1. What lysines could a cross-link reach from residue D:83, if we take a straight Cα to Cα line under 21 Å and drop same-chain neighbours fewer than 8 places away?
2. Could you state the per residue volume, in Å³, of the convex hull enclosing the Cα atoms of chain A?
3. Which trypsin sites (Lys or Arg not before Pro) from the range C:1-64 combine a DSSP loop assignment with at most 10 other Cβ atoms within 10 Å?
4. I need the shape label for chain D. Rule: rounded when a/c is under 1.5, else prolate if a/b > b/c, else oblate, with a, b, c from the alpha carbon gyration tensor.
5. Within the P(r) computed for the range C:140-225, what percentage of the Cα pairs occupies the region above 17 Å?
6. Nearest 5 is fine: what % of DSSP beta bridges in chain C come out antiparallel, could you say?
7. Is it possible to state the helix-based mean residue ellipticity at 222 nm for chain A, with each DSSP H run of 4+ residues giving -39500 (n - 2.57), the sum divided by total residues, to the nearest 500 deg cm²/dmol? What is it?
8. Taking the number of other C-beta atoms within 10 Å as the exposure measure, put C:299, B:210 in order starting with the fewest.
Amino acid sequence: MTSAIEVRNLRCEFRVNGGWFAAEKRVIAVDDVTFRVPAGSVLGIVGESGCGKSTLARLILGLLKPTAGTVLVDGKRLFDLDRKARARLIQPVFQDPFASLNPRHRIKDIVALPLTAQGTFSRAEIERRVAQILERVGLSAAMGERMPAQLSGGQRQRAAIARALVLEPRIVICDEPTSALDVSVQAQILNLLADLRRDLGLTYLFISHNLAVVEHVASEVAVMYLGRIVERNETDALFRAPGHPYTQALLQSVLTPEPGRGVPDIGLGDAMPDPSNIPPGCRFNPRCRIAVERCRTVAPSPMARPPQGMVECHLA
Amino acid sequence: MSEPIAIQGPLQAPLTSRVGMTGFAIGIAIVGIIAVAALIGNQFVPHDPFTQDLGNRLKPPFWMEGTQAGHLLGTDQLGRDYLARLVYGARISLLIGIMTVITSGVIGITLGVLGGFFGGRVDDAVLFAITTRLSIPVVLVALAVVGLMGSGLGLVVATLGLLLWDRFAVVARATTMQIRNLDYVNAARCAGASTMHLLVKEIVPNIASHLAVVATLEMALAILLEAALSFLGLGVPPPLPSWGLMIAEGKDYMFFSAWVIMIPGVALFVLVLGINLVGDGLRNLLGSERLR
Amino acid sequence: MSALLEVEDLVVTFGGRSAAVRGASFRVEKGETHCLVGESGCGKSVTALSIMNLLARGGQRSAKRMSFAGTDLLSLSDREMARLRGNRISMIFQEPMTSLNPAFTVGSQMAEVLTRHKGGTRAAALERSVELMGRVGITAPEMRLGQFPHQLSGGLRQRVMIAMALMCDPQLLVADEPTTALDVTVQAQILRLLATLKRELGLAILLITHDLGIVARVADRVSVMYAGEVVERAPTAELFRSPQHPYTRGLLSCVPVPGRVQRDRPLGSIPGVVPAIGPGFAGCAFRSRCSQADATCEHEIPRRQAGGTHDYLCRLAPQVSEPQPA
Amino acid sequence: MLLLIARRLGLGLLVALTVMTLAFMLTRLSGDLAISIAGPAATQADVEIIRKAYGLDRPLYVQFFSWVGRAMVGDFGQSYFFKDSVANLIARRLPITLTLGLTGLSLALIISIPLGILAAVRENTWIDRGVTMFTMVGQAIPSFWLALILMIVLGLNLGILPISGTGTWQHFVMPGIVLAFTAIPALTRLTRSGMIEAMASDYIRTARAKGLSRARIIFKHALRNAAIPVVSIAAVQLGFMLGGSIVIETVFALHGVGYLGWESIAKNDFPVVQAVVLVLASIYIGLTLLSDILNALLDPRLRTG
């Protein structure tokens, strides 16, 4: 069976101008990332800001060109597909619903864009499909006539989901789809995404910094740190028995609403990760509290972890 | 490259004040009245702007002593009716302003949007063009072109149009750069939209309001520059009554009859002020104060 | 006994139009951490700013009572209030990236707080800065003194902000979403730091947040805000054990809790959106989203007691309940 | 840093070269230069003599490269009209234009920075509206017309300043005022908007939360940040002012570079026209570089990596 998404040895570098008095920097945003997402499943990607998770999303959407490596979508090389074929396969839902809808267009025109861009649908067909998808995501036909500024954050995100699904793609890349929303609205959107996936048989790549959200939606989770996937496993296994010290720290730092438990000491120093200055050896070693000498010199290679996962740590 | 123009986000809430809107309304009224006068004013003025009457030279306007009935604003050094010339001059100013904005807008917006959208080499080339253009002294070069190629309305428009696109380009480039990485543009890309669609439907509508402000500024600038060129004798040729030329022709008499330079000067000032008020009103509507 | 900070019936309006805060009341005791929790637009940040008299231009505050350690804050002149700020009440903000002045060094920004309020030499103020930076867990504080804000990470900047807030030994620290812009691992470190400072310095903290997880872990008492009102007030443990207001209950059910996730079940959610509250609005602001609302909700709602220090704004009688399953 | 400066200088040189090409093409636009130099009364033989004498019989590219080559070492050729080397002419006129430009810029800064600050801290009051109105009026007044009015009022009616000429420092007062007026509106608005932006920023809220005095907040914390763009743009503004001084120098008969340009255009003295365009462009390029360096020095974010 072909995977919905397959990424092989993906790498992405940027050059950043350091200004007048500093040298140019080379930022490695994604560093040799390999994974597969089986059709119909949800891969959650977690990590802190600057870990490269959004860059990864952009690479898989074809918005950025990788420095090296390949992206296969539905078994085909992403860059062999023309823009229309790509649009029929894979669609995005972005973080900020205030930035992802063109403020000058009506909602129904925004939602219709993937159809009109194909150039093969009749106007009646486009109208029928737009009306159908708007209803499916819980927006009334009257909402379709409005401008984005007249909608609330949650309604805008519903419109963005409608746009992503109107062409009936197989794969949706959700890049922090609920991070800009209030918790009560977040729950509405998460429930909607879950329903749609079940009913339409979609595959999600779900990117978030919120572990609780990822645990709720993902069947498999990958943890990114400084551009690499340092641990990947089935969701339950990863949350029950995290192997990488970074995963452990991330899990510990989630503050569940349980009064009286205080704030845990996660024991990470303040050596903040800097993608333009990746440390030698294990890239997590400056913050790791169990690091040994070998971690400072030798980069760990991926090791299998039951039942289906991997971890990159000498000590796991 | 230092960019003297910084722009706030296009998505910012409009910041309207009642006072700002009053200015906007006054500006529109001024420009509207002058435009109407330029279009049909000659129907109501009983004189021809070119007919000389050497017996009635330098007659003062109606509020001064010694005024001549029928010449509401007096006559010039050749006895031509000043009101008729003023109305005709409005036509020249507006024509130059509008034509220059169209020419320079097409050049500048095209360059700026392309540079801002594609980045890389394309942008380097655009930036080079802008830098080069900014380093050319406008007045001197405009004077030289007119001086060496002969004066004429068309030539003035062409010269100014080719020289005044820089601000359009700078603003179009900066706003495009801000927008091109916004997620609605990314979403349109992922939707399979063509580059043409991205430029025309996603980018340009969102920078149009900023460009409208630039257009008012450039129109005002073009009108002032034409007046300056004509004043220096290298713009619109006589006997066409450009306001700048009227001031130049009146210069020799200004110490005795100050009104000969005051009337066209005030007309010029009011028109430019009106256009600037419109621009400022637009800017307030947009809430982008730093767009100078 | 008088509380350290007492706010009664605070109303904040902008430009005379709709009210951002509509009669908020709460008390912060000496040495306690009090959380104001609510979703965006509920008026929690505006409440904090109005206590500091830092409302943006056009903001008008009025209250039946607003006192700090026996001083009536409403009667102070701007000048007197400035003497209090940074001195006896300090405040830190959500965005550590933009809250420090990019043009000056960390040291000069810290030192000026002390010289402003306590006088003394710049050298002494810098010495105090170094001491406090060490206290808030900044390594190599002497080196940091000469650095500019852009050279520090977000977590470090927030530590600098905290150290700066402590320069004059304040009695109250107002912290407006201090960890929202930070990564989760850094958030945990900063919250631990605040808890330590509270314990060791006897500092009272008014913590503004939207995150119920933070509330549960650090607060002694909680005030839940919705649409400009405090709809429920309770000690933390009690609020999570038996929330009374339908909004509080709904909010708790929306939060996915790691380890207790049932992936095939939908999360609890609150339908609809926060209504626009115009002038002349009466009754319960939550009624349009509440499953238990009826006609009486359109009238004035009494504040009900659910225990000695637990009250809420709802027509429904208090009920003893199990904590909401998440 | 050195590398960057070198790169910027290279870019500047490239721009200068482009301007030279444009200036050269410009002077060749009018058709046969020999005919226009010779004047309407000249015979065919006269024209031929002039063509040979000025080297105009050579192919265009030869003329161009010989001009560029010599311009690189500061030799701009001979003026047809003034019978002097162009380099000498410009060297004699440049100090006057620079004096005028610096006078204008200083006046503009002295007036516009305090006005901008005042308007910003009194945002949306009648003071702010007054300042905004003042900048609008300033932008709308044609500079040559303002010059004439000043001549009438200060020169003729009050008789306190000379009307035209170059002799004494008093001769620079009126032109300086007029030139300053071309920059005041833009600089005032820039200061105002920079201050408003700064005053609304998070770090000013922090400064207020620290209990600092209002004066310290405005003049230390806000102004320092608002001043960065103003100072760096002032340098660029000076470049524009020098370029724009041609109108003012002509009105006041101030014998600077701009006046020289106007005279030589009127006399078809194309080596002078080319050289003046090039000199003004080079000054502008130099000033933009200075502006970038000032900006980097003032802004710690650019100064330290």
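1. The reachable lysines, counting only those whose Cα sits under 21 Å from residue D:83, are D:52, D:267.
2. Working: hull volume 51.8 nm³, N = 316.
Here the figure is 164 Å³ per residue.
3. Working: sites: C:17, C:22, C:27, C:30, C:44, C:57, C:61, C:64; in loops: C:17, C:30, C:57, C:64.
Sparse-neighbourhood loop trypsin sites (Lys or Arg not before Pro): C:17, C:57.
4. It comes out oblate by the Cα gyration axes.
5. Working: 1798 of 3655 pairs.
Of all Cα-Cα distances in the range C:140-225, 49 percent exceed 17 Å.
6. Within chain C, antiparallel bridges account for around 60 percent of the total.
7. On the way: 11 runs with 103 residues, N = 316.
Computed mean residue ellipticity for chain A: -9500 deg cm²/dmol.
8. Going from sparsest to densest Cβ surroundings: C:299, B:210.
Readers should treat all values here as calculations from the given coordinates under stated rules, not as data from a laboratory. Bear in mind the structure is a predicted one, so any value in this text is a computation, not a measurement. Don't worry about glycine lacking a Cβ; one is built from the backbone with ideal geometry, like all the others, and counts go over all protein chains shown.
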